Amino acid sequence: MDTSKQLNRTLGLRLVVVVVIGNIIGSGVYKKVAPMAAELHSPGWVLICWILGGIITLFGALSNAEIAGLLADTGGEYAYYKRIYNRFFAFIYGWSLFTVIQTAGISSLAYVFAQSLNSVGPLPAVLPGLADYSLGGVFYPFADFNVKLVAILLIIVLTWINSRGVKTGAGLSTAILILVFAGIFMIIFFGLSSGQADITRSFDVSTTNNTPVTFSAVFAAMLSAFWAYQGWASIGFVGGEIKDAKRNIPRGIFIGVLSVIAIYLLVNATYLALLPIPVLEQVYAAGNQIAAIEAVKSFWEAGGFFISVLILITTLGCTNATILASCRTYFAMAREGFFFRKAADLNKSQVPANSLIFQCVWACVLVLSGTFDQLTDMIIFAVFIYYGATTLGVFILRRKMPDAPRPYKVWGYPVVPAIMVLFCTALFFNTILVRPREAGIGMILMLTGIPMYWWFLKNNVGKQEPMPIEKSA
């Protein structure tokens, strides 16, 4: 294993912001307003939940930024947790990324891309005779195989593109993000300027049929918002390829998350101005409709095709950004002997190509499983465990490393990180109560890391001394 090669620091602040935003904006910006409306029955409360979700996300991002500024390195939280907690906890986190959090995110996004492509132009049927074949009556790998095959091909192609160099992958994300921004701002501008829009309705906090807004309804709606906000922490995974990482990661997280919050508020206010709550509830009940498409069709009859193409482009960009960032954690683990050896190798473009391949293979397997709604619930459950652990690390490192230079200190300390830790704890227990199956499966997948950790140790893979990923910039 050649460990002499090091990652190149080629990403400046602009590309850091692009990767942050590109990892966040996916299908949620077009779809989540409908389930939120069905929970709250009030346009004003929908916007309030987008704001609350954005505030909690920003609290987590600000806390993460202090840790990143202090400990910036390839692998993100994997590198942080070794300093905050111990190597075992760091490994469980990295294994959780591989088994469910990031790979399930990739497979889900790729599947939404393929579904959108199928809606633009129906895909030809592939192996229809095997559609009813199942594994134990649980998994149907060949059901909708035409859509799944496109999703798998997308993952493979984007994996190949990202193996050509980090700037190649980030450059693709930049081009896609420009198109996404143009499309979203077209929806906002033409939607609000149309005769169908009633912007005052967007801020009405009254509910249909005077239905009371409960705490559980607000919490459930915020979970939908969190799926749309998910992904901002992925920038830490490429810390070893960022110029002046200890300054640019905190700045990039702050600028990226604030930008997304502003975009989400504007576009969701537009949806609510165009579609009354009963219509959004019908969209949610239909199951196969997308709120953004119905909103645009309300003032532009042919707009369904435009939105389908926009969703196609957006999910393409988010899939690419997730593939680009996620594999760096497995590379960092392998360099220390806590992942499969081949994942530690760099190719001629100074990219962890084998780590990309491991990620690609497992993400494709998850595509065939077909359990995408379940996977997204597990992702949110799992990721907030680690959001809470990172935020708690702010308090721990303030005590363990009080005099260490911090390019950024979290605003509102200790209140802001304390609120984030308490919220993550509440979400953890609430998910166990209301989504026990998803919480249970998520925990099982994460805890498979325990025997794997001991397996690496037993095979003398993890007994080597930790090696630096790269020299400090």
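The values are calculated or read from the model by the stated rules, or taken from the named source; none is laboratory data. Since the model is a prediction, treat every value here as computed from it, not as a measurement. Cβ coordinates were reconstructed from backbone atoms using ideal geometry, including for glycine residues, and neighbour counts include every protein chain displayed. Just the protein is used for accessible areas: all its heavy atoms, side chains included, with ligands, DNA and RNA removed. Shrake-Rupley method; radii C 1.70, N 1.55, O 1.52, S 1.80 Å.
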Here are some residues: Val260, Val205. Which one is part of a loop (DSSP other than H, G, I, E, B), at pLDDT 80 or above and not acidic (Asp, Glu)? Val205
Return only the number of the condition from (1) among the aliphatic types (A, V, I, L, M); (2) open to solvent by less than 10 Å² (accessible area, probe 1.4 Å); (3) under 29 Å from Ile67 (Cα atoms); (4) modelled with pLDDT under 85 that Val180 does not satisfy. (3)
Restricting attention to region 67-113, which residues are open to solvent by 10 Å² or more (accessible area, probe 1.4 Å), of a type in the set (D, E, K, R) and either part of a helix (DSSP H, G or I) or over 27 Å from Arg247 (Cβ atoms) (or both)? Lys82, Arg83, Arg87
Lone qualifier among Arg437, Arg399 - being free of Cβ contacts under 8 Å to residues at least 40 places away in the same chain and over 26 Å from Asn248 (Cβ atoms): Arg399
Residues Thr270, Thr314: which one is touching a residue at least 40 places away in the same chain (Cβ under 8 Å), surrounded by 18 or more Cβ atoms within 10 Å (Cβ to Cβ) and under 30 Å from Val157 (Cβ atoms)? Thr314
All-but-one check, Asn248 against (1) out of contact with any Leu (no Cβ under 6 Å at 6 or more places or on another chain); (2) at pLDDT below 85; (3) open to solvent by 10 Å² or more (accessible area, probe 1.4 Å), failing number (1)
Might you let me know whether region 48-59 holds any residue that is modelled with pLDDT of 80 or more, under 20 Å from the mean Cα position of the chain (by Cα) and closer than 30 Å to Pro352 by Cα? yes
Out of region 387-442, which residues are small (Gly, Ala, Ser) and open to solvent by 40 Å² or more (accessible area, probe 1.4 Å)? Ala426
List the pairs whose first member sits in region 204-226 and is without any contact (Cβ under 8 Å) to a residue 12 or more places away in the chain, whose second member is of a type in the set (Gly, Ala, Ser) and open to solvent by less than 80 Å² (accessible area, probe 1.4 Å), and whose Cβ atoms are under 7 Å apart, counting only residues at least 6 apart or on separate chains? none
Would you mind stating whether Gly239 is within 26 Å of Gln102 (Cβ to Cβ), touching a helix residue (DSSP H, G or I) at 6+ places or on another chain (Cβ under 7 Å), buried (at least 19 other Cβ atoms within 10 Å of the Cβ) and modelled with pLDDT under 85? yes
If I ask for residues that are part of a helix (DSSP H, G or I) and open to solvent by less than 10 Å² (accessible area, probe 1.4 Å), which ones from region 26-42 would you list? Gly28, Val29, Tyr30, Val33, Ala34, Met36, Ala37, Leu40
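A quick yes/no check of all residues on (1) open to solvent by less than 10 Å² (accessible area, probe 1.4 Å); (2) in contact with a strand residue (DSSP E or B) (Cβ under 9 Å, 6 or more places away or on another chain):
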position: Thr319; (1), (2): yes, no
position: Thr329; (1), (2): yes, yes
position: Arg335; (1), (2): yes, yes
position: Lys342; (1), (2): no, no
position: Leu346; (1), (2): no, no
position: Asn354; (1), (2): no, no
position: Val365; (1), (2): no, no
position: Leu368; (1), (2): no, yes
Out of Ala61, Ala79, sole residue that is in contact with a Phe, Trp or Tyr (Cβ under 7 Å, 6 or more places away or on another chain) and not acidic (Asp, Glu): Ala61
